[in-house]
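Values quoted throughout were computed directly from the atomic coordinates according to the rules given, and no laboratory measurement underlies them. Note that the structure is predicted; figures quoted are calculated from it, not measured.
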């Protein structure tokens, strides 16, 4: 997702300032717009941080900033502002939403290595999806959809 200049103007005041000032040591901080674009790329594709393309800042920088933004609530405020902007412009419709929390990994020889015990049994799709609906963000979306 590439941010428009109008969206960026909405987001800039929401971003928390990093370590700055005369006492700061090390490299200068990367541009927040580039870092946020990298974070959005990871969130959109579901790829590993290491797989972040070279057109974005280093994955370590994006991941570190992502963790800081999640911890201090900045990312939630940014996402809410982007969604509100998209809704105002008619670019998003929340009347029909799909949430998929499934994950599958394939390993060489996985069938030979992993045998399910009879006591464990297969997990249902409902159990995998339940945490999404029980999360605070999921509840708010579902409440608005009623």
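Observations, loosely collected:
- Taking each residue as 0.36 nm, the span from residue 67 to residue 54 lengthens on full extension beyond its C-alpha to C-alpha distance by 2.7 nm.
- Difference of contour (0.36 nm per residue) and Cα-Cα distance, residue 97 to residue 80: 4.5 nm
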